[in-house]
Structures are given as C-alpha cells and as structure tokens.
Amino acid sequence: MEFSNKYFFYSSLLLLLIGSASEAQTFQWTRFRGSDGLGIDTHGSAPVTWESSDFRWKITLPGKGNASPVVWGNTVFITSADDEKDMGYLFAIDERDGKILWQKEFNVTDLSMHENNNLAAATPAVDESHIYIIWYSKEKTNLTALAHDGTLQWQAEFGGIETRHGGGSSLMLTDKYVVFTREQEEEFSSLTSSWVAVNKLTGQTAWELDRESATANSFSTPLLVNTDTRVPQLIFASQAHGLTGVDSETGEVLWERKEMFPTRVVASPVYSEGLIVACRKGEAVVCDLDLKTNQAADSVRYFLPRNLSPYVPTPIVVGELLFLFMDNGTVACVVLATGELLWKERPAGAMYGSPICVDGNLYCITKAGKVVVIRADSTYQLLGIHELGDGSFSTPVMGGTGMVFRTFSQLMLLISQ
C-alpha cells in the first residue's frame, strides 16, 4: 500500500510538471501575431485595466522601431534601428526582470522609406534553436540566424529592394523554412521581385519564386494554412499577384487570383474554417478555400466597403466573428460568414498596430500609444483605454508572465492577472 501511495504521488507530480511545461509552451510567441499569425492566445491572461505599478519593467531602446517582439521561454527578442546611422540592433531581454542579456549591431545600407516606416519594421521569428532577423536595404537583403545566446549561426544575402516606402514584410516559419518576401516597385527598380524560403538550419535557399513587380510593393506577411487532407500552403497577398496559394515545401503555385488587389497590400491575410480574409487599400475581401481541392474559390464570397476595410492593421477572427481595426481608429465587428455588420465604434485614435486576442479580450495600440481593450463579442464593450507614454505602430505580444508592449523607443511588460 505504501508503494502504491508513493507511486501515485510521484506519478501525479510528474503529470503536473508535464502539464505545467506544456502550458508554458503556449506562451511562445514566435512571429508576427503568434505562432500561427492569427493573433489569439487562449491560455494566457492579461488585465483589462491597470496602473503604472502593474508594469514589471520598462526599458528604453536605442533608435526606433515598428517591429513587434517575439518570445521564447523567458527571453524577449526585439529589433530597433537608427536610420540616420544606418544601424540596426537586435536585443535579447530577460522577461523576468527586463535586463538586456545581449545585443547585436548590424550595418544596414540606405533605403528609401515612407516617413512612417523604419529600418526595424519587420518582426523577427524565433524557434527552439534560432532567432531570425531580416534587414531590407537597397543594396541587399540580409537574413541572419543566431542561437538564443547570441552566437551567429548563419547569414544569407539576397538582392536588395527598390521602392518608395521601404520594406516591412515580416518573417514567418514553417517546419523547415524561414519565409519572406522581396518585392520591388516597377517604376523604381530593375530588380526581380521574389518570395523566398530558406532552410532554418543551414541558411541555404530551399526555393525562390520569381514574381512580377507592381506600382506598389506589398508589406503583407504570408500565412501558413494547415489542413488534414492536403499539403500545408502559404497564402500570399500582393498587388502584383492578388491572392496566391503556394506549396510550402516546393514553392509551386497552387492557385492564384491575380486581379483581386488592384492597389497596395499591407495587412496580412487571415484564415479560419475554410475562409480567407485579406485586405488591400480601400477594400477587404472574404473568399472560400476548398479544403478538398486546396484551391481558393474563383469568386469572392463578399467584399467589405472602405469604411469597414483596414489598410495597415491585420484583422482578427474570434469564433464566428471578424473584428476590423481601421487605420482611422474605427473598430467594427461583422459576422465572418456573411459580412453582416454587428457594431462599429471609434474608441480612440488612428492605429497602425494590429489587434491580438487574449482570454476573449482584444488589445490594440493606437499610433499615439494608447492601448485599446475591447471584449471580443457581438455587442460593443469597451473595457479600457490606457496610455503607454510614447507613440507606437507595433502589435502587442503575450509572454509567459505578461503582455509585452513596444512603443517607438520603449519595451515594457504588463504583469498577467
């Protein structure tokens, strides 16, 4: 009986430890808007109202940046840049106390840029072995992988980009590859546009898909869609090629709806239950993805009008609801399947950051640095508006012990409830 009790005790303890480790794993925020790019954390929690004393730490970073942080375990990784000095920075920060564990500097050559853009605009990506960062410039595109302790693992160089507004498409990961876009503007560049997949372990190019250029390059980050019956595919959105599905393993184009986006694309596509949501300047579309054929429908299920269509912020789907955070500060909720408008409000000012959802609540940062908290519900419930003290074009992320906000020059951790 004593042996049985001890066995039960240690078995229960082991299961508890395994469960705790699994839960901690859910707080790994590996790319722009989380590991799947959809921006939803169902396991963590964050306050909806807070005081300045609820921040565990705040630190000031050199230069400025628009990129969002990424998190692995107890480490927050973030980029920043001094555009005047053509210098980029990568920081590894201990989430528990805000101390900088290490930092790296990168020379980044000149790049024509919109006044709201910045060299540190692309969000990095992180996995169990590497932190990946990309620096776009006119001369070259530099993709770098470092170990979590800051040791250089590999660097890969590609052709530069020539555009009016600079670069900004963030990195995303598949099981094997780091994926990014290199898009040109046809009036300003003789270089070829391409979408690229690089082996995560070696830095060798796995595939590079040459693309046409358009009058405006895309800033959209591709999305990986996994289905039970078909090969995982990458969804790209761009003015040059509209909406495109690409085999994530080979780079083969599976389908393309080329005329879908006649203007620049900034927001990233979103997928939920066989529906793709994508936006271009002035219009959002929802179209069907046939899970049997792995093909997008030839025609759009519905369009959303300009006053319900984000340009820069990426939409978010929670359950059967689609939430749209517009550049001018308007927030709307529609039924995903039909586009029926349920509510539309303007709680604060203009925004370029994208929303995330934690414990059923939506968090988004305005350009002026106000965090807007809204219940992800069919009825409008504004839960809070909070000043960060500095402007921001970034998107919040969840860490293991709280929510991380990035402003132009600061990084801070709000303690979980």
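Leaving out same-chain residues fewer than 8 places away, which aspartates and glutamates sit with a Cα under 17 Å from that of residue 140?
List returned: 83, 86, 105, 110, 157, 162, 183, 185, 208, 210.
Considering the alpha-carbon set of segment 132-212 alone, what are its Rg and its Dmax in angstrom?
For segment 132-212, the Cα radius of gyration and maximum Cα-Cα distance read 12.8, 42 Å.
In the calculated pair distance distribution of segment 153-254, what percentage of Cα-Cα distances lie above 24 Å? Write out the running numbers ahead of the final one.
Details: 1036 of 5151 pairs.
For segment 153-254, the fraction of Cα-Cα distances above 24 Å is 20 percent.
Which value, in nm² and rounded to one decimal, describes the direction-averaged projected area of the C-alpha convex hull of segment 68-151?
5.5 nm²
Using label points projected 7 Å from each Cα along Cα→Cβ, tell me how many nm separate residue 415 and residue 112, to one decimal.
Label-label distance for residue 415 and residue 112, simple model: 5.0 nm.
Among [x] 31, 26, 24; [y] 35, 25, 22; [z] 64, 22, 15, which is the computed semi-axes √(5λ) of the Cα gyration tensor in Å?
It is the value labelled [x].
Rounded to a whole number, what is D in µm²/s for segment 335-376 from Stokes-Einstein with the Kirkwood radius over alpha-carbon pairs (25 °C, 0.890 mPa s)?
Values: Rh = 11.5 Å.
Stokes-Einstein gives a translational diffusion coefficient of 214 µm²/s.
Can you compute the helix-only [θ] at 222 nm over the chain? Use -39500 (n - 2.57) per DSSP H run of at least 4 residues, normalise by all residues, nearest 500 deg cm²/dmol.
Rounded to the nearest 500, it is -2000 deg cm²/dmol.
Run the numbers for residue 228 and residue 345: contour at 0.36 nm per residue of separation, minus the present Cα-Cα distance, in nm.
Stretched out fully, the residue 228 to residue 345 stretch lengthens by 38.3 nm.
Find the Rg to Rh ratio for segment 319-407, where Rh is the Kirkwood radius over alpha-carbon pairs and Rg uses the same atoms. Kindly include the intermediate steps, with their values, before the conclusion.
Working: Rg = 12.6 Å, Rh = 13.1 Å.
Result for segment 319-407 is an Rg/Rh of 0.96.
Given the peptides 304-313, 115-124, 290-299, arrange them by the average over their residues of other C-beta atoms within 10 Å, most packed first.
In descending order of packing, they fall as 115-124, 304-313, 290-299.
Please give every one of the lysines within straight-line cross-link reach of residue 258, meaning a C-alpha to C-alpha distance under 19 Å, and leave out same-chain neighbours fewer than 8 residues apart.
Here the lysines satisfying the reach criterion relative to residue 258 are 281.
How much length, in nm to one decimal, is gained on full extension between residue 202 and residue 259, taken as 0.36 nm per residue of separation minus their Cα-Cα distance?
Details: separation 57, 0.36 × 57 = 20.52 nm, distance 3.64 nm.
Residue separation times 0.36 nm, minus the Cα-Cα distance, leaves 16.9 nm.
Just so you know, all these numbers are worked out from the coordinates, no wet-lab data involved. Since we're looking at a predicted model, the values are computed, not measured. So basically every Cβ, Gly included, is an ideal-geometry build from the backbone, and we count neighbours across all protein chains shown.
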